[in-house]
Amino acid sequence: MPSNIEVIDAGVPLVLAWSRHEDLGVAIGSPKVGSLRGCIAGKRRLPVIGGEGAGALRALVLYGIALHSLLTGIVLIVQPDAFMLWAGWGAPRPSFFAAQGGVFHVLMVALYLRAARRSRDRDALIPYILFVKTTAAAFLLSYYLFVEGTPLILAAGLFDGSVAVLLAAMRRRERRGATREAAR
């Protein structure tokens, strides 16, 4: 029997059950019309995933970031003509610094994968990942605004910024939950 069951009112009957020894269990009922609007308007609470579910969600996000970083790195190293032309960079284009950036992205994959796993280092890695993603977003958005207005640069900046906000929100919620647990 799970040690903690929480029913969350978000317009969808959603039951999350977890314990220290069991995986997250999720049961979802049929959604009600207007549920999302109610959440946005503040009339309903947004779904909260706690316990082991928070770690599973964070791992899923970090695996997604790792995949994105791997693909970005490969594209920067290889620079396929069709993609580069589609993205707004014509030929000829310098390749050394782009390839160097690609190698950096591939190396970052190891960091994201390590943080996604239940490692002792995760508490130190998440703030570093937040720093990297925030810095990347600031650089890319500034580059888009002041140097080269290529839409792909804007998209990359918005992606990195969104990832930083998502990870920061997840970290904050997790820390609040740990503080509440300690207070019990």
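The values are calculated or read from the model by the stated rules, or taken from the named source; none is laboratory data. Just so we're clear, the structure is a prediction, and the values are computed from it rather than from any experiment. A quick note on method: Cβ atoms are made from the backbone with ideal geometry, for glycine too, and the neighbour counts reach across all protein chains shown.
Surrounded by fewer than 17 Cβ atoms within 10 Å (Cβ to Cβ), closer than 16 Å to H68 by Cα and of a type outside the set (A, V, I, L, M) - does that describe any residue in the range 144-159? No, there is no match, as no residue in the range 144-159 is surrounded by fewer than 17 Cβ atoms within 10 Å (Cβ to Cβ), closer than 16 Å to H68 by Cα and of a type outside the set (A, V, I, L, M).
Tell me yes or no: at least one residue of the range 122-144 is modelled with pLDDT under 90 and touching a Leu at 6+ places or on another chain (Cβ under 6 Å).
Initial filter on the range 122-144 (modelled with pLDDT under 90): 122-124.
Restricting the remaining residues to those that are touching a Leu at 6+ places or on another chain (Cβ under 6 Å) gives none.
No, because not a single residue in the range 122-144 is modelled with pLDDT under 90 and touching a Leu at 6+ places or on another chain (Cβ under 6 Å).
The lone criterion from (1) without any contact (Cβ under 8 Å) to a residue 40 or more places away in the chain; (2) within 25 Å of G55 (Cα to Cα) left unmet by L130 is number (1).
Would you be able to say whether some residue in the range 88-95 is in contact (Cβ under 8 Å) with a residue 12 or more places away in the chain, in a helix (DSSP H, G or I), surrounded by 14 or more Cβ atoms within 10 Å (Cβ to Cβ) and among the hydrophobic types (A, V, I, L, M, F, W, C)? Within the range 88-95, none of the residues are in contact (Cβ under 8 Å) with a residue 12 or more places away in the chain, in a helix (DSSP H, G or I), surrounded by 14 or more Cβ atoms within 10 Å (Cβ to Cβ) and among the hydrophobic types (A, V, I, L, M, F, W, C).
Here the condition is being closer than 28 Å to A56 by Cα and of a type in the set (K, R); of R117, R93, it holds for R117 alone.
Look through A124, A138 and report the one residue that is part of a helix (DSSP H, G or I) and closer than 16 Å to L62 by Cβ. Can you show your working first?
Working: A138 fails: closer than 16 Å to L62 by Cβ.
So the residue among A124, A138 that is part of a helix (DSSP H, G or I) and closer than 16 Å to L62 by Cβ is A124.
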